[in-house]
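A short worksheet on the structure shown next.
Here, each number is a calculation from the coordinates, and none is a lab measurement. For clarity, every value in this text was computed on a predicted model and none was experimentally measured. Backbone-built Cβ (ideal geometry, glycine too); neighbour counts: all protein chains shown.
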Amino acid sequence: MIWHLYDYYLRTGGGYFGAKKACEPLHIQYSYDDHSVSVVNSRPHSFRKLAVTAKIYDFDLSEKFSKQTTINAGPDSSTKVFDLPKLNNISKTYFLRLAMVDSAGKTRSSNFYWLSTQQDILDWKNTKWWYTPAESYADFKMLKDLPSVHLEIQAATRSDGGQNRTRVKVKNPTSHLALSVHLALMKGPQGDEVLPTRWGENYFELMPGEERSITAEYSMKDLDGATPFITVDGFNIESSGVDGEL
């Protein structure tokens, strides 16, 4: 998840989707400074009866904490919802999932974090105005032990006035976490990536049994006459692909 939005070829990176998530007008987030959950509303009007849920999972995805409450978010505001507890009986690397649903049952924002019981410690004595070194870092070595996951994917493409829209359904049929799921659209199974492609979401997580529908928009001419082909990979994802049926 290096900090870059897109490269010379307009290929969007993890930083792009992280920034997109952070800048959504109605946003739920974890605050690293005080371990709280907050709702940020950048709209000029209020939102009422927002159901906020936080779930903490051990590395094996057993649920260690769950809390839900309903709040009102005022215009142009940041609202602290509740503090998360310090859990003693939990793995060194663990996961936090946040969700916010409106009164109509629509998910307005969600967020997912991998966290460590070993905190980053900053060396404030040697800080500079542009940089503060770290004395020690959070420990995420357990992530390398995530089991490999094979995802089920389906894709269908619709054309309209020279523009294509491919909708991809991605499902995690396993009992393991799928971390940093990455989709790409190719010019056929052996071709280059179609760029630019505007993905609605990318580099996302899938919990066991979870399914998401993601849309890719791109110019038909950029296929160079090939059939759209969708590939999926990720942090612990087995690479695979499927035709984006026209």
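Find the percent of Cα-Cα distances in the stretch 1-121 that exceed 16 Å, and round it to a whole number.
On the way: 4714 of 7260 pairs.
Everything past 16 Å amounts to 65 percent.
Of all DSSP beta bridges in the chain, what percent run antiparallel (nearest 5)?
Of all bridge pairs located within the chain, approximately 95 percent are antiparallel.
Å³ per residue of the Cα convex hull, for the stretch 53-94? Each step should come with its number before you reach the end.
Details: hull volume 3.6 nm³, N = 42.
Per residue, the Cα convex hull of the stretch 53-94 comes to 85 Å³.
Using 10 Å bins from zero, what percent of all Cα-Cα pairs in the stretch 1-62 falls into each bin?
That works out to 16, 33, 34, 16, 1, in percent per bin.
For the charge dipole of the chain, defined by +1 on Lys and Arg C-beta atoms and -1 on Asp and Glu C-beta atoms about the Cα centroid, which residue among THR53, THR174, GLY234 has the Cα displaced farthest towards the positive pole?
THR53
Looking at the stretch 132-197, which trypsin sites (Lys or Arg not before Pro) are DSSP coil and have at most 11 other C-beta atoms within 10 Å of their C-beta?
Sites meeting the loop and neighbour criteria: none at all.
Just to confirm the filter: which chymotrypsin sites (Phe, Trp or Tyr not before Pro) across the stretch 108-208 are DSSP coil and have at most 15 other Cβ within 10 angstrom of their Cβ? Show your work: numbers first, answer last.
Working: sites: PHE112, TYR113, TRP114, TRP124, TRP129, TRP130, TYR131, TYR137, PHE140, TRP199, TYR203, PHE204; in loops: TRP129, TRP130, TYR131, TYR137, PHE140, TYR203.
Passing both the DSSP loop test and the Cβ count: TRP129, TRP130, TYR131, TYR137, PHE140.
In whole Å, how far is the Cα centre of the stretch 1-42 from that of the stretch 173-246?
Computed from Cα coordinates, the inter-centre distance equals 20 Å.
Could you tell me the ratio Rg/Rh of the chain? Both radii from Cα atoms, Rh via Kirkwood.
My calculation puts Rg/Rh at 0.99.
In percent, what relative contact order does the chain have, based on Cα pairs under 8 Å that are 6 or more apart in sequence?
15 percent
Which value, in debye to the nearest 20, gives the size of the charge dipole of the stretch 151-204 about its Cα centre, when Lys and Arg are +1 and Asp and Glu are -1 at the Cβ?
On the way: 7 positive and 5 negative charges, 39 e Å.
Approximately 180 debye in magnitude.
In nm, give the distance between the simple-model label positions of SER42 and ASP123, each being 7 Å from the Cα along the Cα-to-Cβ direction.
About 3.5 nm, to one decimal.
Taking 25 Å as R0, compute the FRET efficiency from the Cβ-Cβ separation of ASP60 and ASP233 and round it to 0.05. Kindly include the intermediate steps, with their values, before the conclusion.
Values: r = 24 Å, r/R0 = 0.94.
Efficiency at R0 = 25 Å is approximately 0.60.
Tell me the Kirkwood hydrodynamic radius of the stretch 99-200 in angstroms, computed as one over the mean inverse distance between distinct C-alpha pairs.
18.7 Å
In debye, nearest 20, what is the charge dipole magnitude of the stretch 93-246 about its Cα centre with +1 on Lys and Arg Cβ and -1 on Asp and Glu Cβ, if you could check?
380 debye
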